[in-house]
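The values are calculated or read from the model by the stated rules, or taken from the named source; none is laboratory data. These numbers were taken from a predicted model, which means no experiment stands behind them. For neighbour counting, all protein chains shown are included, and Cβ atoms are generated from backbone atoms with ideal geometry for every residue, glycine included. With ligands, DNA and RNA removed, areas are computed over all heavy atoms of the protein, side chains included. Shrake-Rupley method; radii C 1.70, N 1.55, O 1.52, S 1.80 Å.
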Amino acid sequence: MAELHNPEENHVLARLSQIARNRLSAHLEFVAMPLGKVLYESGDVLRHVYFPTNSIISLLYVMEDGASAEIAVVGNEGLVGVALFMGGETTPSRAVVQSAGYAYRLIGQELKDEFHRNGEMQILLLRYTQALITQMAQTAVCNRHHSVDQQLCRWLLLSLDRLSSTRLTMTHELIANMLGVRREGVTDAAGKLQKLGVIRYSRGQITVLDRPKLEALCCECYAVVKKETDRLLPERPMS
């Protein structure tokens with residue numbers, strides 16, 4: 001399976017110069033990311049970073065009573081494990097696979113060695129971290145001020161941006177856990193979108209039928225995050 005994939009399917013790795021990619025390539029391990037796999041728990045010392053190719057990872061904050069809420073999603077635009085190069089080594093969030101697929105895993109020390117060259121990888125990772133912080137901040141604002149309907153639209157759009165298809169495998173209960181809302185609220189919001197012809201939902205499969213209408217129904221939070229991510233992470237590889 002690994003020969004069918006390429007590290008450059010991850011946008012962070014693709015933006016590196018060939019010289020930098022060559023330094024990392026021998027240390028990248030191709031790994032499966034099954035649905036529900038926990039990459040790390042709150043408080044764990046991080047040993048690896050993950051560069052998703054076609055999987056999506058949800059970063060969740062888990063409360064003492066077991067309730068959780070998603071604070072960010074990471075897909076092929078980024079990496080999981082920013083605490084490693086930011087110096088913290090641990091994080092209070094949980095990282096769990098939201099959409100199954102694959103990723104490239106790298107030993108944390110290898111990433112830190114490349115980061116401390118004070119070159120392109122450092123610039124790129126700091127820019128990505130700023131984009132991730134923007135997503136986290138906007139998610140907090142959205143969860144506080146916008147309806148479940150708008151939150152669902154934002155969540156669907158963020159997920160679509162990280163997948164090559166318009167179909168997501170996700171139950172209403174799992175979405176509710178991600179958003180930190182009641183399952184009934186997600187069911188009602190999804191039902192409205194289905195009646196409008198925006199999505200089709202069947203047996204845990206959500207297919208987006210009309211993305212422009214989905215964007216029109218969404219609050220401004222999605223556009224804020226996308227604009228900042230596009231600004232900070234241009235598509236061209238670094239020279």
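A few points about this structure:
- Between residue 6 and residue 194, the contour length at 0.36 nm per residue exceeds the Cα-Cα span by 64.1 nm.
- Shown here for the stretch 59-100: GluC sites (Glu not before Pro) in loop regions (DSSP other than H, G, I, E, B) with at most 15 other Cβ atoms within 10 Å, namely 64, 89.
- Debye intensity ratio in log₁₀ form over the Cα atoms of the chain, taken at each q of 0.09, 0.12, 0.13 Å⁻¹: -0.37, -0.67, -0.78
- Put a plus charge on the Cβ of each Lys and Arg, a minus charge on the Cβ of each Asp and Glu, and nothing anywhere else: the dipole of the stretch 85-148 about its Cα centre is then about 260 debye.
- Ligands, DNA and RNA aside, residue 9 has an accessible area near 70 Å² when probed at 1.4 Å.
- Available extension along the chain between residue 89 and residue 64 is 6.8 nm, counting 0.36 nm per residue and deducting the alpha carbon span.
- Rounded to 10°, Cα long-axis angle of helix 183-195 versus longest principal axis of the chain: 80
- Around residue 36: net Lys/Arg minus Asp/Glu count, Cβ-Cβ under 13 Å: +1
- Cα gyration tensor shape for the stretch 43-118, rounded if a/c is under 1.5, else prolate or oblate: oblate
- Shape class for the stretch 167-239, computed from the alpha carbon gyration tensor (a ≥ b ≥ c): prolate, with a/c not under 1.5 and a/b above b/c.
- Applying both filters, DSSP loop and at most 16 other Cβ atoms within 10 Å, to the trypsin sites (Lys or Arg not before Pro) of the stretch 37-143 gives 37, 47, 117.
- Other residues within the sphere of radius under 12 Å centred on the Cβ of residue 189, judged by their own Cβ, net out at +2 (K and R +1, D and E -1).
- Label-point separation in nm, residue 41 to residue 23, each point 7 Å along Cα→Cβ: 3.6
- Heavy-atom SASA rank of 86, 121, 136 (probe 1.4 Å, accessible area, largest first): 86, 136, 121
- Under the shape rule built on the C-alpha gyration tensor, where the axes satisfy a ≥ b ≥ c, the stretch 129-188 is oblate, since a/c reaches at least 1.5 while a/b does not exceed b/c.
- The simple spin-label model puts a point 7 Å past each Cα toward its Cβ; for residue 210 and residue 31 those points are separated by 4.2 nm.
- Every helix of 4 or more DSSP H residues in the chain counts as -39500 (n - 2.57), and over all residues that averages to -13000 deg cm²/dmol at 222 nm.
- The Cβ shell under 13 Å around residue 115 holds other residues with a net charge of 0, Lys and Arg each +1, Asp and Glu each -1.
- Looking at the stretch 139-216, the trypsin sites (Lys or Arg not before Pro) that sit in a DSSP loop and have at most 16 other Cβ atoms within 10 Å of their own Cβ are 182, 203.
- Farthest toward the positive end of the dipole of the stretch 31-113, out of 62, 108, 86, is the Cα of 108, where the dipole comes from beta carbon charges about the Cα centre.
- At a probe radius of 1.4 angstrom, the accessible area of the stretch 113-184 per residue rounds to 48 square angstrom.
- Crossing angle, helix 221-232 versus the chain [Cα axis fit, 0-90 degrees, rounded to tens]: 20
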